[in-house]
Amino acid sequence: MLNVDRAQIALNVMSGLNKTEATLLQELEALGRMVAHAKEEIAAMRVENVDATHLPAATDELDEVVKSTANAANEILDVCETLENLQANVSPEASDTIAVCVTRIYEACAFQDITGQRIGKVVNALKQIEQRVRETTGRYAPSAALPARTAPARTEGERLANGPQPVAAASSQAEIDALLASFD
């Protein structure tokens, strides 16, 4: 009934318009339908997994990469110090070789700072995208109106095939030992 009323109103309005005005009105109505359709599509999108799972997981993984590279770089630098301390105990030629090699290692370790900065930029971009997704979906589909979706069940192999775990979620050595002992 509502559509009939709108159609009748449109017909009445259009009868008093010239051809250009009628065409413009039709275009505006078509744009209105497109916007309404876009709103429906946005509301129907199931972005809660992107918003609540994928983006935070990506930023967490990148944070772990930064931590791991920092730890590796620190380990390398500690070894370099050990090599420098050995220089006094070797021949002058060997000492010079050690000095050159250690200097090259120090220079190469600059990768950690550079990658950390670049990954930090990516993390910030992901957080901004996450915020925009949250804002956009919140405008058109309040989270209370969205039915909760559960992630499909994953096999143990799928869960283990995701590469290194964040340190906080990693299995302890005791858990690994218990698992290996269960195979006996």
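Coordinate-derived values only; no laboratory data. Quick caveat: nothing in here was measured; it's all calculated off a predicted structure.
The lysines whose alpha-carbon is closer than 26 Å to the alpha-carbon of Lys121, local same-chain residues fewer than 8 away aside, are Lys67.
The alpha carbons of segment 74-133 give a radius of gyration and a Dmax of 18.9, 63 Å, in that order.
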